[in-house]
């Protein structure tokens, strides 16, 4: 890419352990969780009273009262209240987008320091009233006389009172993400076995990373939980083989996606500290890695022209071309495991001569990714995936992996609802 | 923290009458340190005629205190400093001792009696050593006789030490102040001329960087707060599982949180590298982290024994080796070097039923501290231990009521101490004005009967 | 063709009442013979589809606003809705040989030549054609043509027609032709393609579409009213399925053709699996089916100009 005036440095990160929905954090709000993640980050890096350039992040499922979620959370920390904060939303890529755009601001010299992150709660998801009831209530609010108000309220019927939970389905197709992925997995011929193997590797890698103390300075506990409670260190392909498919059941025998090779619904929060080189030095902070570049992608998934979660395949091609890099130039790959098949389908696409030539317009395939470099410390299948919090988990994990490996690169792929996705490059220092 | 509602009750008008009539213990509200309160609220009477007396008088006057050689029979006395540094035979103690005795009825609440004498171990003359040991005995007894939150302690001087040394002043000030509220019947030995008096007594640790292990809660959190209050920048260390509380403590003291298992082989190196990265220096290490796994020895399994030994003493030995190899944990310039303060326990002194593992580990700390002193001295540093008695913490709050109530009253102050009392003593030992004291285990126990 | 009879824009509720009466006194014996098919067409002036109705439609289908910034041109199904009362008026005329009750919508074919905006006054012409035998009765095409207001329809050519639609209906059990003439087409096997969407229809889907379209045929409204008409459950309007099939896919400048063929009705509440497939650059085909039973509900096609 074009020469940048200065580096955006990843200093470190903090997240709370991810908890399966309706479990350890059942009574915690998005704001509680994000504040805790930020507090842990402030404590780790001694940022009390510090005025940062910005704090940005978001949540995918958000109460309307949390219209200023990130600002409210930041105000709950010892950061200087003069630190601006704002919400960002790009579905499951929210955290990655927040971090990427903050890195850009640092590179441009607009700000010197920032925290990017995200949070999501399934357990405290916003329940809303039906459209009809809302219409009636708003009409009553607008009424000028008691009579008009009564007349409006008289329209309420019992059926209007049923609360509506947010669906996980894509608004334009009505299909859940899993159903979308099942179609894509089937199209790319992703087998049950390779999905289960990937899931097992995710659990084992994550457990090994915990065991080695890798997360000691990346996670701080919350509500008595000190490790991701979805993790199953003793997971095995044999055990997973016994599960029945939960997505793509109409594919019959060809259904491959189970609860174990799909990410569970999870609660959690993460935050990543970024700064310019000068700012990090002036504050005696470590410099783990540089946030080099990132690319957003989107695909036309509505009528099935492309798989819902395949946008990163396109973004990667553009990003690599711009940076004049190939997969061989990367030491580590962090591909968000929305589903095991998501990772496998993306990798198959990059390996496919036809796809890379006809669809991505490349001379040759991007090539295959060495499994020993993939999600080496586990990913979402094991850790869980609190939508907006995943970006922060990945960036901090990868930055720490690359610390002390100057010039070695890491690749990030995060798919998102709405047929979108982000890829990113970070480089060790 | 456990609520000592009895002490609160006694300190109400009605409560005092009732409990006195019933002959129940009379725990007083202790005078504790706050940076803006006077060092000592009233006259200080200096007893014992010697050259040293003039030097100390000038020191006390320099602190703005109301220093007296004599005092009228109606006046209240806040502190008595009794000098026995020239006592050559037990018979020579009489005059000063009786003068002290004459003042006891005039003592204010939370008053101080401080005896100052030379180290008995430093003389081979039987009469001299008998006189010095005699002062020890009378100081301890005096501590038992103290009422209304008053304490009696001694300062033990090295044979050759100039009484004008900064660390004598440091010890004196500590014992006079509210910092020593729960220290009674104890002796602070001053062995060297090392040390420096702070520019600002309210911030004796200004500019220094301190590590506190086990800082997430209880005594460790109190230590972090106290060191921060005294001006230090704090690295709060605790196991990863305690990270949420640890972050809260680190944020409260504007320090940094380091999640670390101190039994890791490279725990010392990790602490050093954190201190180097974030602060570029390391001055004070407080080994506070500890665990209990109580069981009668007959029922002890290896997991309980080994984990207590590993956390409470082996980890400290290993971390100290790393610290003493490091250039960061060193101040080559000046006479004030790095500090290590370890948490021992009265169990480590007196033993405790069901705590053979814990007592072994804490006695081990006492041994480690005394044996490491020379190594630290090479860096102008010190290493000391603090042995808390019954302290009102989350841990002691879980004791059965009767046991807790007995344990609480089993000392001369008739009450449990607070985590801050332990922290104050640690902050004192970590301060530049305590550079002359090393290898010591100082009890913060209100003169607990156990192991006295 | 005879000069069309000009009628006032009919009210659907009246027509349904009449349909009910007709069902009782049945215009023709089911075994009767038809001698002549009605050639008379009807035409009505329409003041134009209101902004309110367009907004109601948008709320139901969830597309872009018809606020002249996001969308100018109305969707085909909304034009169908505008023409429906005229269609019904034609079909409830005594000359129309099939009873309105028990009429089944078999398919619809539309050429949407010109864009039509909200508030544009229109003339709507309805005529019947192609009466033919069916194995379960008699089928007929009802054709709607929409012209700009004020145009002389007698001299109008195909280029003047904004929109034309052919709705094929089956008069179930009404055999206007000898029974043996009925062609019985064997049911073809259906293998569902990979679905691209899943529609979840609530029990009120019929009532909601009725509120927008004015088509309060009881068979769509509730289980009780549907049972009265011999259905196990309420079924959704066929044109609602067409509307969802087309939503977001119609070109703003019109000129497109589309068709839909209905098979098994969609019971309410229910789910419809849906697949859209790009046949060529300008053509998409669609199919909707029951995701549990694998029975096809409809298939359709959209051809862009």
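Exposure proxy check: A:266, A:191, B:393 ranked by fewest other beta carbons within 10 Å? Could you put the intermediate results ahead of the total?
Working: A:266 27, A:191 13, B:393 22.
Fewest-to-most ranking of A:266, A:191, B:393: A:191, B:393, A:266.
From the alpha carbon centroid of segment A:267-286 to that of segment B:229-266 is 18 Å. Two numbers describe the Cα atoms of segment A:45-107: Rg and Dmax, which are 12.0, 33 Å. Per residue, chain C reaches -6500 deg cm²/dmol at 222 nm when only DSSP H runs of four or more residues are counted, each adding -39500 (n - 2.57). Here r is the Cβ-Cβ distance between residue C:253 and residue A:27 and R0 is 51 Å; the resulting FRET efficiency, rounded to 0.05, is 0.40. Computed from label points 7 Å out along Cα-Cβ, the spacing between residue B:121 and residue C:55 is 9.3 nm. The alpha carbons of chain B stretch over 60, 55, 44 Å along the principal axes, in descending order. Could you work out [θ]222 nm for chain B from helices alone, using -39500 (n - 2.57) per DSSP H run of at least four and dividing by all its residues? Round to the nearest 500 deg cm²/dmol. That calculation yields -11500 deg cm²/dmol at 222 nm. Here segment A:264-418 is treated as a sphere whose radius is the Kirkwood value from Cα pairs; by Stokes-Einstein at 4 °C and 1.567 mPa s it diffuses with a coefficient of 78 µm²/s.
For the pair residue B:61 and residue B:307, the difference between a 0.36 nm per residue extended length and the Cα-Cα distance amounts to 83.5 nm. Between residue B:321 and residue B:293, what FRET efficiency comes out of the Förster formula 1/(1 + (r/R0)^6) with R0 = 22 Å and r the beta carbon distance, rounded to 0.05? Efficiency for this residue pair is about 0.30. The Cα atoms of segment A:194-333 give a gyration tensor whose axes a ≥ b ≥ c have a/c of 1.5 or more with a/b no greater than b/c, which makes the shape oblate.
Judged by the gyration tensor of its Cα atoms, with axes a ≥ b ≥ c, segment C:189-305 is oblate; a/c meets the 1.5 cut and b/c is at least as large as a/b.
I need the shape label for chain C. Rule: rounded when a/c is under 1.5, else prolate if a/b > b/c, else oblate, with a, b, c from the alpha carbon gyration tensor. Write down the numbers at each step before the final one.
Values: a/c = 1.43, a/b = 1.06, b/c = 1.35.
Rounded is the answer for chain C, as its axis ratio a/c remains below 1.5.
With just the Cα atoms defining each centre, how far is segment A:357-384 from segment A:236-266? Give it in Å. When both Cα centres are located, 21 Å separates them. In plain terms, the residue of C:144, A:426, A:127, B:239 with the fewest other Cβ atoms within 10 Å comes first and the most crowded comes last, giving A:127, B:239, C:144, A:426. The mean number of partner chain beta-carbon atoms within 10 angstrom of a residue's beta-carbon across peptide C:273-279 is 3.
Give me the Kirkwood hydrodynamic radius of segment B:266-326, using the inverse of the mean 1/r over all pairs of distinct Cα atoms, in Å to one decimal. Evaluated over segment B:266-326, this radius sits at 13.2 Å.
On the beta carbon distance between residue B:314 and residue A:212, with R0 = 25 Å, the FRET formula returns roughly 0.75. Here each label is just a point 7 Å from Cα along the line to Cβ, and for residue B:407 and residue A:237 those points are 5.5 nm apart. Both radii are taken from the alpha-carbon atoms of segment B:31-190; with Rh as the Kirkwood radius, Rg/Rh is 0.94. Note that the protein assembly as shown carries a Kirkwood radius of 36.4 Å, evaluated over its alpha carbons pair by pair. Counting only the Cα atoms, chain A fills a convex hull of 161 Å³ per residue. With the convex hull drawn around the C-alpha atoms of segment A:1-89, the volume per residue stands at 137 Å³.
Ordering A:181, C:239 from the fewest to the most neighbouring beta carbons within 10 Å gives C:239, A:181. Ellipticity at 222 nm from helices only: DSSP H runs of n ≥ 4 in chain A, each -39500 (n - 2.57), divided by the residue count, give -10000 deg cm²/dmol.
Bear in mind these aren't lab numbers, they're just calculated from the coordinates by the rules spelled out. All values reported here derive from a predicted model rather than from experimental measurement. Note that we place each Cβ from the backbone using ideal geometry, even for glycine, and neighbour counts take in every protein chain shown.
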